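Working notes, beginning with the structure itself.
The values are calculated or read from the model by the stated rules, or taken from the named source; none is laboratory data. It should be emphasised that the depicted structure is a prediction, and the values quoted were computed from it without experimental measurement. Here the Cβ positions follow ideal geometry from the backbone for every residue, glycine too, while neighbour counts run over all protein chains shown. All accessible areas refer to the heavy atoms of the entire protein, side chains included, with ligands and DNA or RNA removed. Shrake-Rupley method; radii C 1.70, N 1.55, O 1.52, S 1.80 Å.
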Amino acid sequence: MAGNTLGTYFKITTWGESHGKALGVVIDGCPAGLSLCEGDIQEYLDRRKPGGSRYSTPRKEGDEVSILSGVFEGKTTGTPVCLMIPNTSQRSGDYSEIASYYRPGHADFTFDAKYGFRDYRGGGRSSGRETAGRVAGGAVASLILKELGIRLCAYTKSIGPVSAAMDKFRAEAVRMTPTCMPDEESSAKAEAYLEECMANHNSAGGVVECRVDGMPAGIGEPVFDKLDACLAKAVMSIGAVKAVEIGDGCAAAGSTGTENNDAFHMENGMPGKKTNHAGGILGGMSDGSPIIVRAHIKPTPSVFSPQETINKNGENIVVQIKGRHDPVIVPRAVVVVESMIALTLVDLLFAGIPSRMDSLRQFYGSRRE
Ligand SMILES: Cc1cc2nc3c(=O)[nH]c(=O)nc-3n(C[C@H](O)[C@H](O)[C@H](O)COP(=O)(O)O)c2cc1C
């Protein structure tokens, strides 16, 4: 299987399966001297781990991270950082039946088509559990961004037909509501909608939005490694994400030039923009305004209603899925989206260092003094 690595200068490789002994991440290119302990990473993993609310799978995972390498006396050494998260709540028996058939909306059919063999326990590598390694890596990237004054805030923008009231936005509410919505009133409405879905043995989808503040202008490589292209790839690689938008996104296609262009103006002697339809990215590079990214997430494919499918013998059958599943993926995906964005930003910040001769001269010149 190829493609388990993301990034060029700050690179992650995730490893492990849903029902294996453990899963995790190796980070290559982490600078030396970053303060790092398990607690820094655990904080992010706790936001993702299952069992946190009625709207996440009842599978109870401790998701306790161990730092296996790359840290000495509380600081990164510049060598590969390996982070491991043991799987402690596997119940492979729940999945024995799905070895013989293909769950609608899942990767079972395509895995068999590609490899002729699959780890059917919980979806193996295509399980939502794989995202634990991404979040552990994203926690390290977020610490680097914090040191550079770059802040990320992701939240649930909508679930089914219920959208968050952005005029009532409270960052603290994101960590308190079971939906990760930024206002309690909208969260209560979304919870009522989820109850209805669950009562009907159905599931729901929704949108995660992430805002990045403090990003300097000029980050992103203007051709194939555009900042928006890299963000789209990173976020789209999360299971169940079906679309990614930057700024006004799809709405820009129905807008006019005069409406959509963001007027530049000087603010306290610095270039600024009067609006931010572009979502903080122009020509594939950050423009200094907040970066706005949205991930559109499909309803959880595992629903407990009877569904038509086929088995490995090529017979049409009706199945009723068992196991432990999220009735909505969105709240648990919030920190995953934030992590993929953090990883992308760090990689492109590092890629931008040699873009000017004067900054190179300054860096290596200062080392000779
Ligand atoms: C954090 C997270 C949790 C997930 N939990 C579940 C789940 O409990 N049940 C399920 O059927 N799918 C779940 N998924 C989605 C599947 O992994 C995904 O839909 C499936 O692998 C098919 O991939 P695709 O939707 O990208 O085509 C989850 C995804 C994420 C990111």
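Scanning region 1-44 for residues that are free of Cβ contacts under 8 Å to residues at least 40 places away in the same chain and among the acidic types (Asp, Glu) turns up just one, Glu38. List every residue pair whose Cβ atoms sit under 7 Å apart, with the two residues 6 or more apart in sequence or on different chains, where the first one lies in region 133-154 and is open to solvent by 10 Å² or more (accessible area, probe 1.4 Å) and the second, anywhere, is in a loop (DSSP other than H, G, I, E, B). Every condition considered, the pairs that remain are Leu143/Leu34; Leu143/Leu36; Ile144/Leu34; Gly149/Gly214; Arg151/Gly214. More than 16 Å from the ligand (Cβ to nearest atom), in a helix (DSSP H, G or I) and among the hydrophobic types (A, V, I, L, M, F, W, C): does that describe Leu360? Yes; evaluated as a whole, the condition is true for this residue.
Yes or no, residue by residue, for (1) at pLDDT 95 or above; (2) part of a helix (DSSP H, G or I):
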site: Gly123; (1), (2): no, yes
site: Ala132; (1), (2): yes, yes
site: Ala136; (1), (2): yes, yes
site: Leu143; (1), (2): yes, yes
site: Gly149; (1), (2): yes, no
site: Cys153; (1), (2): yes, no
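Would you confirm whether or not region 325-341 contains a residue that is under 27 Å from Ile238 (Cβ atoms), of a type outside the set (Lys, Arg) and more than 13 Å from the ligand (Cβ to nearest atom)? Full working, then the answer.
If we filter region 325-341 for residues that are under 27 Å from Ile238 (Cβ atoms), which is where we start, we get 325-341.
Pick out the ones that are also of a type outside the set (Lys, Arg) and you get 325-331, 333-341.
Subsequent filtering for residues that are more than 13 Å from the ligand (Cβ to nearest atom) retains 341.
Looking through region 325-341, at least one residue is under 27 Å from Ile238 (Cβ atoms), of a type outside the set (Lys, Arg) and more than 13 Å from the ligand (Cβ to nearest atom).
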